Amino acid sequence: MASLYRQIKGSVKAVIALTIMGSGYLSSVLLSSTIIRALLAYALLLPYLLKLAYKTLPTILWNAPKLVTPNTLVRDTEQYRKRADAVAQAQLEGKHRFARDEVLRTERNGKGWMANMPWQDHTGEFTVCGATVRYVHLKPSYRSVAQDVKTTHRPIVFLHGNPSWSFMWRDVFPALLERGHEVYAVDWLGHGRSDKILRPEAITIELHTRTLMQFFEHTGVEDATLVAHDWGGCVAACTMPLLPKSRCTSLLLLDSFLPPRPSETSLHNSLPYAIWAMTTEILGGCTPESAVMRFLSPNISQKDLEGYTAPYQQLPGSAKSSIYRFSHMAPVVPRIILNCMRQTWLWKLAEGLAGPSHFDNLNAQARLAVRDGEIRSFWKSSAKAQQLDLAVVFGDMDPFLKDSKDVLVRSVNPRLMANWAPYGVWLDGAGHYPTEEKPAVVGDLVARLARQRHTPAGG
């Protein structure tokens, strides 16, 4: 009887895995059409608006009496924005401290530690704003170094995007370790084995910037090659101007982006972002990131899919706050709204009436939009950036970010681009996660960039 039960259980699991895989392929095929994407976005619009109404209506009713003195609501908005900006700045400077109820601690060998996942014994940690950030640290074997005539090998630091964690680099590490490179991989707060921040409003781009700065200060890593995927690349691009130039001397951006501008993204590629943002708003902590991974990487095995979703198993939905926040932090709202309309008296009145905290995602977008000009100026013309080598690599089947490759290439000084890829690299047959379809190729490109030494203009 027990044997029969195991057989049935195994068969059911196999059927479920095949069904999920089939749905991943089907969604990839269907959502390759702009019309289907638009129809799905339209279908999500009503439940999205209803969810917003459900969140804001009680606050509107509570604040309605204040309309007698409307300037009170305007002041509420201005004061909230000021506090939020102050928190973001304090996080950037490392002076902020999270409240105890804002952090879900991931204790070693406790819930969320993922003892069955790789590298549990090769994990370092440091503290940012009172929360613990963890990173993978792997050293090459003596044999791999001894077989290489080089006496030094540049360390390589990996940064994941959203939704993801350092697990995504598992098939890239081995070849680099064999080449003699020391590798590190950071888990952003809210991801992997790092602590989980429970309030989305407490998560900012400034927090992640401080995290990367703190990583280099903690480890003392110098002359590193930084490899960054998706949001990890945006954080890296925003952090590089603040790092001592000796810390990182080359950067590989993998299916990543600078702070986005709506004008630079086609309708076809902006619709998935709208779908993702509305889905995470509607479902919150119940968002099935496994379904998203199936869409982004249809070929992924069930075992690897479980690896991606492992950090949130047996944790409350609020532990996914960073997935939600990343999904709403990109400044995709037209700049006329972020820079102009938000500053009008009428907008501030409406924001105060509905509750300024409900507009916090918009505030985060506005802060990143302000930094956008500074970041692009750095990568286009700063003398400090001239000391860097940059490679831009994209899967040619990425359903989200294909427009970003050309934007990146146009936005940086051509002298920074690796001489073997002046216009970036397309990886044939790879999607948004090239580490799944083409890990060996990604590893080779990382190693090639790590071997390169920048020659200053005129040098």
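The values are calculated or read from the model by the stated rules, or taken from the named source; none is laboratory data. Because the structure is a prediction, the values reported are computed rather than measured. In this analysis, Cβ positions are derived from the backbone assuming ideal geometry, glycine residues included, and neighbour counts consider all displayed protein chains. Only protein heavy atoms, including side chains, enter the accessible area calculation; ligands, DNA and RNA are left aside. Shrake-Rupley method; radii C 1.70, N 1.55, O 1.52, S 1.80 Å.
What aspartates and glutamates could a cross-link reach from Lys55, if we take a straight Cα to Cα line under 12 Å and drop same-chain neighbours fewer than 8 places away?
By straight Cα distance, Lys55 reaches Glu281.
Taking 0.36 nm per residue of separation and subtracting the Cα-Cα distance, what length does fully extending Asn116 through Thr309 add?
68.2 nm
Quick one, can you get me the convex hull of the C-alpha atoms of the chain expressed as volume per residue in Å³?
In the chain, the Cα convex hull volume per residue is 166 Å³.
Spin-label point model (7 Å from Cα, Cβ direction): what's the Gln89 to Ser357 distance in nm?
2.3 nm
Which value does Rg/Rh take for the stretch 249-302 over its C-alpha atoms, Rh per Kirkwood?
Checking Rg against Rh, the ratio lands at 1.04.
I'd like the FRET efficiency for Asp428 and Ser290, computed as 1/(1 + (r/R0)^6) with the beta carbon distance as r and R0 of 30 Å, rounded to 0.05.
Given R0 = 30 Å and the Cβ-Cβ separation, E is 0.70.
Are there DSSP H segments in the chain that both extend 20 Å or more along their axis (alpha-carbon positions) and score a mean Kyte-Doolittle hydropathy of at least -1.0? List them, or say none.
2-30, 34-63, 205-219, 267-283, 360-381
What value, in deg cm²/dmol to 500, does the helix sum -39500 (n - 2.57) over DSSP H runs of n ≥ 4 give at 222 nm once divided by the residues of the chain?
-15500 deg cm²/dmol
Between Ala99 and Thr72, 0.36 nm times their residue separation minus their Cα-Cα distance comes to what?
6.9 nm
Where the accessible area of the stretch 83-451 is counted over protein heavy atoms with a 1.4 Å probe, how much of it, in %, is carbon and sulfur?
Details: 7550 of 13690 Å².
It is 55 percent, rounded to a whole number.
Given charges of +1 on the Cβ of Lys and Arg and -1 on the Cβ of Asp and Glu, with all other atoms neutral, how large is the dipole of the chain about its Cα centre, in debye to the nearest 20?
In total the dipole reaches around 540 debye.
So what is the accessible area of the chain per residue, in Å², with the probe set to 1.4 Å?
Per residue, the chain has an accessible area of 44 Å².
Given the convex hull over the Cα atoms of the stretch 69-185, what projected area results after averaging over all orientations, in nm²? Could the numbers behind the result be given before it?
Values: hull surface 43.7 nm².
For the stretch 69-185, the mean projected area of the Cα convex hull comes to 10.9 nm².
Distance in nm between label sites at Thr34 and Leu57, each 7 Å beyond Cα in the beta-carbon direction?
Computed distance between label sites Thr34 and Leu57 equals 3.6 nm.
Work out how much length Ser382 to Ala350 would gain on full extension: take 0.36 nm times their residue separation and subtract the Cα-Cα distance, in nm to one decimal.
7.5 nm
So, taking all protein chains as they sit and a 1.4 Å probe, how much accessible area belongs to Ile35, in Å² rounded to tens?
Rounded to the nearest 10, that gives 120 Å².
I want to check the label-to-label distance for Glu222 and Arg415. Put each point 7 Å from Cα in the C-beta direction and report it in nm to one decimal.
2.5 nm
May I ask what percent, to the nearest 5, of DSSP beta bridges between residues of the chain are antiparallel?
Restricted to the chain, the bridges split so that about 35 percent are antiparallel.
Which of Gly317, Ser141, Tyr80 sits farthest toward the positive end of the charge dipole of the chain, with +1 on the Cβ of Lys and Arg and -1 on the Cβ of Asp and Glu?
Result: Tyr80, furthest along the dipole toward the positive end.
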